[in-house]
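Written below as structure tokens is the structure these notes are about.
Throughout, read-outs are computed from the coordinates displayed, never taken from laboratory work. What you see is a predicted model, and the numbers here were worked out from it, not measured in a lab. Cβ placement follows ideal geometry from the backbone for every residue including glycine, while neighbour counts extend to all protein chains displayed.
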Amino acid sequence: MLLAMDINSLLLAEFDAEMQATRAALERVPNQPEFTAHPKSMPLKNLAPHVAQLPALGVLVLTTPGLDFATAQFQRLPFESPAQVVAAFDAAAARVRSALGAASDASWSENWKLSRGAFTLYEGARFVAYRRVFLNHLIHHRAQLGVYLRLLNVAVPGAYGPSADEQ
């Protein structure tokens, strides 16, 4: 019965599906790092590594009480090749999957805070932070990546069923 499942079992199924869709998009990234969809958009050499590194944010949501961008030290993944980006994503997704599997049901209602110094970007339940700050953020940037693929005439993989390229 679905209602008898613990929170992690439900979230792991969703996580696995979203990571599979994200990996499929990253696998199709062409080696055209300077491409950008618009002058206000980030170049592919920044977007693809950002997508690959976003699972690290999921780990932070699941294992820490919060994140302050004013004091956090992040090292951006450089774009070396599409294969390198996929490998980085696989490693990061494995870490968040492990943290997700270890989270207790009680931990989902604990407070989690995202800030930049004194400015609070999000504060509330860890469950909402996981979905909004991590997972929805990843899906948003995966969609941007899909637009880049389309503009580069690369077949876009379907995320929630076949894409126009897969029918």
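Here are the numbers for the structure shown:
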{"quantity": "Order of Phe74, Phe127 - criterion: other Cβ atoms within 10 Å of each residue's Cβ, fewest first", "calculated": "Phe74, Phe127"}
{"quantity": "Mean residue ellipticity (222 nm) of the chain, computed from DSSP H runs ≥ 4 via -39,500 (n - 2.57), nearest 500", "calculated": "-15000 deg cm²/dmol"}
{"quantity": "Bins of 5 Å from zero: percent of alpha-carbon pairs in region 82-167", "calculated": "3, 11, 14, 19, 18, 14, 11, 7, 3, 0"}
{"quantity": "Nonlocal amide H pairs with Leu67, under 5 Å, H built at 1.01 Å", "calculated": "Lys113, Leu114, Ser115"}
{"quantity": "Computed E for Ala70/Ala125 - FRET, C-beta separation, R0 22 angstrom, nearest 0.05", "calculated": "0.45"}
{"quantity": "Ratio of Rg to Rh over region 1-67 (Cα coordinates, Kirkwood Rh, two decimals)", "calculated": "1.12"}
{"quantity": "Paramagnetic reach from Ala164 in region 131-149 [backbone N under 18 Å; point 7 Å along Cα→Cβ]", "calculated": "143-149"}
{"quantity": "Calculated from backbone phi, Karplus (6.51, -1.76, 1.60) coupling profile of region 161-167 in Hz, x at Gly/Pro", "calculated": "x, x, 7, 4, 7, 10, 7"}
{"quantity": "Dipole of region 64-167 [Lys/Arg +1, Asp/Glu -1 at C-beta], most positive-end residue of Ala94, Val128, Leu151", "calculated": "Val128"}
{"quantity": "Karplus-derived 3J(HN,Hα), 6.51/-1.76/1.60, for each residue of region 109-115, Hz, glycine and proline x", "calculated": "8, 5, 6, 9, 10, 10, 9"}
{"quantity": "Only Lys, Arg (+1) and Asp, Glu (-1) charged, at Cβ; region 31-95 dipole about Cα centre in debye", "calculated": "80"}
{"quantity": "Rounded tilt (10° steps) of 82-102 against the dominant C-alpha axis of the chain", "calculated": "20"}
{"quantity": "Kirkwood hydrodynamic radius of the chain, Cα pairs, Å", "calculated": "16.9"}
{"quantity": "Simple spin-label estimate for Val147 and Ala94 in nanometres, 7 Å along Cα-Cβ", "calculated": "3.3"}
{"quantity": "Region 39-78: C-alpha gyration tensor shape, a/c 1.5 cut-off, then a/b vs b/c", "calculated": "prolate"}
